[in-house]
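The values are calculated or read from the model by the stated rules, or taken from the named source; none is laboratory data. As the structure is a computational prediction, the values presented were derived from the model and not from experiment. All Cβ positions, even for glycine, are placed from backbone atoms using ideal geometry, and neighbour counts span all protein chains on display. With ligands, DNA and RNA removed, areas are computed over all heavy atoms of the protein, side chains included. Shrake-Rupley method; radii C 1.70, N 1.55, O 1.52, S 1.80 Å.
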Amino acid sequence: MTLLSHLHRRAAPNLYTIEATLRVNGTPAHSVSDRFGIRKVEVRGEALYLNGEKVRLVGLNMVPEDRFSGNALPLSRIKEDVDLLKSMSANFARLSGPVLPKEYVSYLDEVGFLLVEEVGLWGKDRLVDPDHPLPRKWLERLIDDHYNHPSVIAWSVGNEIGDLTKNPKANEYVKAATEYARELDPTRLAVYISFSADFQDNDPAQYSDIVMFNKYKDHAERLEVVHKYHEGKPIFFSEIGMSLDSEDPNLSFIDPSAMMADLRKFPYLIGTSYFAFSDYRSNWIDSKPTWTTPLSENRTWGVLTAYRKPKRAFYDIQRFYAPVETFELDENGVGSYTARIKPRGRDTFPSYSMADYRLAWVAKDIEGKAVSAGIVPIPELDPGAPQIELPIRTTANFARLSLNLLDPSGYRVHSTNKDVVAPLPPKVRAVHTSVDTIRVTFEPSPTAAEHQLIAIAPDGTRHESPPTINDFVEIAKLSPETMYRLELRALNGAGSSALAQVGLEASTSPDELPPVIWDTFGRKDAFHIGFSSDIRDFRYEIRYGVAPGNYLRSHLIETHGATRVPAIKPGADHYFQLRRLVRGSVDSEWTAERKVALEGDAGLPPPANAFAIRYDGGIVVAFDPLPGATSYVIRARGKGGVSVKTRLAYSPFVTIENVELRNASGLTIATVDNEGKLGVAAPLPIVGARAD
């Protein structure tokens, strides 16, 4: 199992297990084992080196929190978070202020992530004192507990505690704490996370091996000031951002190029970490309205929602953080395409050698089913290498050709599509109206990139919604008490679909729109709902049952944004509707009925749309990651058949280096849940020609 191998083409350190046994008179009395890895991280002048290679790295910060399970993250959520981080090419961050559980750090070891761990000091605090014993004990315990985790490359002694007007002893504390960290562990960096390094020439950052700096505006200007104060040291933007975004994935727009592209020219900047990975629960109220948490309690810093659904900003950051400058797919003729790939330069970020990367191409029919696929190895590419061209050939009749860049661990870190057929129309699920708004909820078309709604007034005036990546679309500021003809279509690179429903119409009326259902998740004895909230909402009502349209129970809900609903019958499918109770108005309409599958005694079902692609060294398995999964088991038919348990759980592609599976037939796939239970297996078809 490799650690950080994708960051250096000549170094592929492994994870090792060490076991110590105490014997009494030759008889084993006690034993203990632990896992460790070997790698070298060093600062040379204003640069960071990993295993001898100069690197410029990128990351994201996150808050370890789950709206459905709180701060005690199950293994499935840990793996989902890390897999999504890695799919954005994130490889270095002071990931979290709170200390991460060992299960989290262990998984970071496995996938190759460089981590800064931190003691829990933030802001103005009486503990920022070199003579106070508690931070010292925290540091001792942190280093003792996480010393053998190779993902940890630095110990941080605090976050944003350096304003000398608030913490007068900050310099003395940081100096003593970093010295103590180096004494306890001379193999790692000792750092401090600063927000004051640009307005104090005597900032505690002077004692940090790397100037780790948080800033939310004027990044280039403030960076130059920090360098002036701390010339000779590398600088890392340990938090970079602008302001709160939106919890609506379709309204989340971040321009990472405008924020960070100009920073690439500063050679002493070794990288950036965007804040934040996902939205998280908070009740933070700020003097700046743009920094105040919405009523839903979802603090909207993230490029994913609190339920880990990608926003538009997710794809913006993924493209900006990818190690390639060019990733294109051009058509040469019928069935013949060329993939064009150019790595980023040496003086940009991210910047590191690309070894053992692969292309996975998948041809799909109009219903989204894979009809052909293949794996193409990519030669080793150093930063600044010229563009390469790789041929893609298929004889299949397809609607969409998807090109995916896989890193050495199998994560999809970039993708592009070539659509040759317009998508099928979406299926309308419900139409809701208010006095001036129409909302249509639908089942997305399989090969659509976006969907769009047009409302046509009686006089022929057309009102167009912006294209959406959601499963609902709205048009606001319409005329009251007016009947509109509705046209809902799916869109992709080849054009637009036929109408979702001929003759669809709706009239604006003095009703209230129901809440938007952002996500649902079923456990064995309950299910969770994430939903939108409005400032006028004072309660919500749910009705639900175990058969469609037959609602056996109802509850009033006091919480905003998310709720847990006890099951009527554990393990059974449940059906529900939700509505808002609105101050000074009528109750809203009910949402369209939603189905939630609860986990049964047989465990989790197999992932949907699963298939395997052969390559020289094994197979690449593609599927839709399943919420609640911790891994998947791939088995081959026959007595003594091969069985492999995947490490990744939330990457849509998983590479399995196993020649026996490559040559096997009768493959199956099953899901492993948080309890380690293996669910029912399903056939895993091979798509594409046999690799030779």
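Table for the structure above
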read-out	value
Tally, over the stretch 560-605, of residues that are out of contact with any Asp or Glu (no Cβ under 8 Å at 6 or more places or on another chain), touching a residue at least 24 places away in the same chain (Cβ under 8 Å) and not aliphatic (A, V, I, L, M)	12
Scope the stretch 188-202; condition closer than 24 Å to P98 by Cβ and either without any contact (Cβ under 8 Å) to a residue 12 or more places away in the chain or more than 32 Å from the chain's Cα centre (by Cα) (or both); matching residues	none
Filter result for T326 (in a helix (DSSP H, G or I), β-branched (V, I, T) and farther than 23 Å from K79 by Cα)	no
Members of the stretch 475-492 that are more than 19 Å from L513 (Cα to Cα) and of a type in the set (G, A, S)	A490
Matching residues in the stretch 168-197 - criterion: being in a loop (DSSP other than H, G, I, E, B) and open to solvent by 10 Å² or more (accessible area, probe 1.4 Å)	P168, K169, P186, T187, R188, F195
Failed item in (1) farther than 23 Å from A363 by Cα; (2) open to solvent by less than 30 Å² (accessible area, probe 1.4 Å); (3) small (G, A, S); (4) in a loop (DSSP other than H, G, I, E, B), with G384 passing the rest	(2)
Strands (runs of 3 or more DSSP E) within the stretch 436-545 that include 2 or more residues open to solvent by less than 20 Å² (accessible area, probe 1.4 Å) and farther than 22 Å from P294 by Cα	438-443, 450-456, 483-492, 526-531, 537-545
Residue ID - surrounded by the fewest Cβ atoms within 10 Å (Cβ to Cβ), chosen from residues in the stretch 623-638 that are not in a loop (DSSP other than H, G, I, E, B) and not acidic (D, E)	V633
Single match in E239, E231 (criterion: part of a loop (DSSP other than H, G, I, E, B) and at pLDDT 95 or above)	E231
Count - residues of the stretch 273-296 that are among the charged types (D, E, K, R) and open to solvent by 50 Å² or more (accessible area, probe 1.4 Å)	2
The stretch 153-167: number of residues that are of a type in the set (S, T, Y) and surrounded by 20 or more Cβ atoms within 10 Å (Cβ to Cβ)	1
P168 farther than 27 Å from L405 by Cβ and in contact with a Leu (Cβ under 7 Å, 6 or more places away or on another chain)	no
Enumeration of residues in the stretch 144-167 that are assigned to a loop (DSSP other than H, G, I, E, B) and either under 35 Å from the mean Cα position of the chain (by Cα) or not β-branched (V, I, T) (or both)	Y147, N148, H149, P150, S151, E160, I161, G162, D163, L164, K166, N167
Matching residues, the stretch 359-381, being open to solvent by 40 Å² or more (accessible area, probe 1.4 Å) and part of a strand (DSSP E or B)	K364, V371, P377
